[in-house]
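One structure below.
The values are calculated or read from the model by the stated rules, or taken from the named source; none is laboratory data. Computed from a predicted model, the values in this text were never measured in an experiment. Counting neighbours? That spans all protein chains shown, and the Cβs are built from the backbone with ideal geometry, glycine included.
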Amino acid sequence: MNKYPINYYKDKYCSDCGRRVSDAATRCHSCAMKNNFKLGLINIKGKRNHFYKDGIKTKQHFCIVCNAPISYYAVKYGKHKCRRHS
Ligand SMILES: [Zn+2]
Ligand SMILES: [Zn+2]
């Protein structure tokens with residue numbers, strides 16, 4: 001009377017979405033990823049923007065007109081303004 005396949009995981013569920021997860025995990029893969037983003041372990045911007053590797057250039061700058069986030073280069077070569085206002 002074993003209604004589960006042999007390799008089925010134990011009754012372990014993702015703490016976020018309730019999906020069944022492997023024995024050692026507390027979250028399913030996608031929720032673990034989301035959680036890592038939340039904790040700042042993975043930085044999407046950091047991955048996309050190679051300037052983030054440089055500590056000085058990682059400082060966040062903002063447009064002096066509209067306060068939108070701007071790049072290091074907008075500060076260095078622009079007038080500290082976003083694309084719309086430079
Ligand atoms: Zn999940
Ligand atoms: Zn602006």
**Message:** Name the single residue that is farthest from ligand 2 (Cβ to nearest atom) among those in segment 33-86 being in a helix (DSSP H, G or I), modelled with pLDDT under 65 and under 30 Å from residue 21 (Cβ atoms).
**Reply:** 47
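Here are 4, 13: which of them is modelled with pLDDT under 65, away from ligand 2 (no atom under 16 Å from the Cβ) and on the phi < 0 side of the Ramachandran plot?
The match here is 4.
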**Item:** Matching entry among 27, 19 (being in contact with an Asp or Glu (Cβ under 7 Å, 6 or more places away or on another chain) and either within 16 Å of ligand 2 (Cβ to nearest atom) or at pLDDT 85 or above (or both))
**Value:** 27
